[in-house]
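The values are calculated or read from the model by the stated rules, or taken from the named source; none is laboratory data. Values in this document were obtained by computation on a predicted structure and should not be read as measured data. Note that we place each Cβ from the backbone using ideal geometry, even for glycine, and neighbour counts take in every protein chain shown.
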């Protein structure tokens with residue numbers, strides 16, 4: 001099915017749209033619930049205000065992204081690696097940090113040392 005140059009509100013249920021391609025499309029305010037988005041690629045996408053809740057994102061990659069002001073709450077960050085990043089404004093609360101590294105530094109150990117010195 002091809003939809004081009006139209007404004008449509010789609011309601012898709014119990015369907016297989018795997019392999020779908022969206023280019024230059026406004027999906028602001030869309031809701032994806034109980035969907036399989038594994039291996040999905042977002043490229044040059046405006047994800048400002050995006051909420052990921054009660055979802056599995058194991059093995060995902062975030063590259064060349066602006067996370068200024070992002071908030072990560074109640075998340076398992078085991079074995080997460082962050083490299084070459086500016087984390088200004090990023091808030092991480094109530095998360096499992098075991099095995100998480102930022103620029104080669106073990107975050108859990110760094111925080112342990114910080115709190116021991118305080």
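The table that follows gives values for the structure above.
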quantity: The listed residue being outside any loop (DSSP other than H, G, I, E, B), more than 17 Å from the chain's Cα centre (by Cα) and surrounded by 12 or more Cβ atoms within 10 Å (Cβ to Cβ), out of 108, 113; calculated: 108
quantity: Contacts under 6 angstrom Cβ, first residue in segment 1-23 being surrounded by fewer than 10 Cβ atoms within 10 Å (Cβ to Cβ), partner modelled with pLDDT under 90 and in a loop (DSSP other than H, G, I, E, B), 6 or more apart; calculated: none
quantity: Selection count, segment 61-77, where residues are part of a loop (DSSP other than H, G, I, E, B) and either closer than 22 Å to residue 39 by Cα or without any contact (Cβ under 8 Å) to a residue 12 or more places away in the chain (or both); calculated: 9
quantity: Tally, over segment 53-73, of residues that are within 17 Å of residue 100 (Cβ to Cβ) and either exposed (fewer than 10 other Cβ atoms within 10 Å of the Cβ) or touching a strand residue (DSSP E or B) at 6+ places or on another chain (Cβ under 6 Å) (or both); calculated: 6
quantity: Hits in segment 59-102 (condition: in contact with a helix residue (DSSP H, G or I) (Cβ under 7 Å, 6 or more places away or on another chain) and closer than 22 Å to residue 44 by Cα); calculated: none
